[in-house]
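*Asks:* My questions all concern the structure below.
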Amino acid sequence: MKKKSKKFLLVKYKYLFVICLIGAILRFNGLNQDFAFSGEFGHNLLAIKNSFLSGLIPLVGPPTSHPWLSFSPIYYWVLYPLLVLFHWNPLAGAYFGAFVGVSVIFINFFVVKQIINKNVALISSLLIAISPLWILFSRDARFYFLVTPFFYFFLLYLIKFWNGDKKSLIKSTFFLGMMMAFHYTPLVLLPTLFYVLIKKKRLIDKNTILKSLGVFILPNITLLINDIQNGFQMTTKFALWIPYRFAGFLGLYPKNTTNLNKLGSTYEVIQQFVGYSFTNYKVLWPILFLIFITAMLLLYKKNYVSKLLAISFGSAVIAIYILGDAPMHYFLGIFPIPILLISISINEIFKRRIFFVVLIFVVVSMYQYNATGNRYVRLIGISKTIINDANGNLFKLKRIGLNDEFEGDFAQNYKYLMWWMGNEPVEKSNLVYTIIEEKDEVRILKNNE
């Protein structure tokens with residue numbers, strides 16, 4: 001029976017297994033050589049190392065660009081046992097990110113199959129598998145990519161609530177809270193949630209609302225405890241920050257004030273997000289963006305799933321315009337939406353010719369991922385050179401290069417590698433090594449202060 005069951009599963013989901021295999025190859029291949037390993041990820045690893053090796057369980061997670069605001073520590077809790085298992089090798093984080101990237105393909109298939117249909121589930125899963133944007137985030141080992149898998153469960157249970165299952169609202173808000181544990185960009189989904197609550201207010205009662213609020217807070221409860229201990233400083237500043245940004249957008253305060261140049265650059269970022277979801281050929285981005293917007297408008301009234309996706313995208317766009325200068329990870333709360341709406345459109349238009357359309361996407365998207373040129377190997381080599389030259393002596397590390405205006409000269413990736421190799425840099429020492437990164441050239445200066 002077990003052999004028949006396994007054979008049945010392989011036959012039933014053969015296309016999904018092939019798609020996931022493609023996705024796995026694109027995410028894991030060469031990762032041990034060209035893993036980007038940014039200073040931000042090094043900062044996360046050092047925080048995990050310092051917390052757990054000192055015997056403390058962190059209540060606060062990765063910091064944001066604002067010193068007063070942090071995320072939930074769940075990412076630290078998840079990564080710590082993996083680092084221990086991998087003997088603190090930083091590649092543990094890279095492999096975990098790639099694993100999450102492949103898992104999302106599975107999650108996408110089974111959720112989309114439930115809320116739309118199998119064809120759209122297969123198309124969208126394939127597009128995710130070969131998407132250069134999704135591959136990049138999978139290989140980057142950043143905590144905020146964990147927002148993406150929880151989006152599907154938020155959407156799934158929100159739709160079940162729409163269809164009359166009152167208890168699903170509690171599950172949906174819990175997964176929205178889980179998304180918020182890894183980044184605050186899912187706040188853009190609140191208008192979608194409120195829209196559903198207004199439309200389905202007959203399903204709401206006081207008990208359901210209280211439970212929904214409780215589970216929404218639950219994934220971030222340690223942050224709240226820490227904030228209570230510090231007089232609600234983070235909550236107060238965050239509550240003031242939102243109207244402050246909005247006032248700046250309107251020109252009432254000299255911050256992120258809108259103008260034609262900012263509007264144009266924000267439009268380009270939104271266009272890049274949509275286009276890069278499908279291909280890294282920049283020349284195709286404007287065309288794909290136009291196709292996506294057309295599809296979204298045409299599908300808006302076709303079914304409630306498309307309507308909820310469109311409302312979510314629209315809310316995110318408004319938020320991005322208000323914030324201004326948005327990096328690509330600000331779209332994480334709506335990452336699946338372009339691919340889902342395009343997949344629905346392909347299914348609607350081509351029907352039996354879907355295979356040929358998807359084949360075109362695959363051919364166009366071949367060799368989508370641009371490797372970082374053995375970056376991780378270079379980082380290891382530079383760190384070893386300094387460790388060997390220091391010969392066990394204490395030393396201070398500096399870095400000159402992109403983003404060196406941030407904390408620690410944005411050199412936490414090197415600092416972590418050097419700790420892992422047995423000689424972590426210190427804050428004060430007469431012996432100083434300075435790593436100078438200039439495009440593809442890296443130099444090391446040694447001097448005494």
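The values are calculated or read from the model by the stated rules, or taken from the named source; none is laboratory data. In this text, all values refer to a predicted model and were calculated from it rather than measured experimentally. All Cβ positions, even for glycine, are placed from backbone atoms using ideal geometry, and neighbour counts span all protein chains on display.
*Asks:* Any idea which of Ile322, Ile337, Ile342 is under 18 Å from Pro191 (Cα atoms), at pLDDT 90 or above and within 21 Å of the chain's Cα centre (by Cα)?
*Replies:* Exactly one of Ile322, Ile337, Ile342 is under 18 Å from Pro191 (Cα atoms), at pLDDT 90 or above and within 21 Å of the chain's Cα centre (by Cα), namely Ile337.
*Asks:* Could you count how many residues in region 171-199 are free of Cβ contacts under 8 Å to residues at least 60 places away in the same chain, crowded, with 16+ Cβ neighbours inside 10 Å and more than 24 Å from the chain's Cα centre (by Cα)?
*Replies:* Final tally of qualifying residues: 1.
*Asks:* Hydrophobic (A, V, I, L, M, F, W, C), closer than 16 Å to Ile337 by Cβ and in the same structural domain as Ser315 (by TED's automatic domain parsing) - does that describe any residue in region 177-187?
*Replies:* yes
*Asks:* I'm trying to understand the selection: among the residues of region 58-86, which are among the polar types (S, T, N, Q) and in contact (Cβ under 8 Å) with a residue 40 or more places away in the chain?
*Replies:* Listed by number, the residues that qualify are Thr64, Ser70, Ser72.
*Asks:* Conditions first: (1) within 17 Å of the chain's Cα centre (by Cα); (2) surrounded by fewer than 17 Cβ atoms within 10 Å (Cβ to Cβ); (3) of a type in the set (S, T, N, Q); (4) in a helix (DSSP H, G or I). Asn44 passes all but one, so which condition is the exception?
*Replies:* Unmet for Asn44, out of (1) within 17 Å of the chain's Cα centre (by Cα); (2) surrounded by fewer than 17 Cβ atoms within 10 Å (Cβ to Cβ); (3) of a type in the set (S, T, N, Q); (4) in a helix (DSSP H, G or I): (2).
*Asks:* Thr173 - would you say it is under 26 Å from Phe35 (Cα atoms), assigned to a helix (DSSP H, G or I), of a type in the set (S, T, N, Q) and at pLDDT 95 or above?
*Replies:* Spelling it out, it is not the case that Thr173 is under 26 Å from Phe35 (Cα atoms), assigned to a helix (DSSP H, G or I), of a type in the set (S, T, N, Q) and at pLDDT 95 or above.
*Asks:* Criterion first (modelled with pLDDT of 85 or more and among the charged types (D, E, K, R)) does Asp389 satisfy it?
*Replies:* Yes: the conditions hold for Asp389.
*Asks:* With the checklist (1) closer than 23 Å to Phe71 by Cβ; (2) of a type outside the set (A, V, I, L, M); (3) out of contact with any Gly (no Cβ under 9 Å at 6 or more places or on another chain) in hand, flag the one item Tyr195 doesn't pass.
*Replies:* (1)
Condition check ((1) hydrophobic (A, V, I, L, M, F, W, C); (2) assigned by TED's automatic domain parsing to the domain that holds Arg245; (3) in contact with a helix residue (DSSP H, G or I) (Cβ under 7 Å, 6 or more places away or on another chain)) across all residues:
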| site | (1), (2), (3) |
| --- | --- |
| Leu284 | yes, yes, yes |
| Ile287 | yes, yes, no |
| Tyr304 | no, yes, yes |
| Leu309 | yes, yes, yes |
| Ile320 | yes, yes, yes |
| Leu323 | yes, yes, yes |
| Pro327 | no, yes, no |
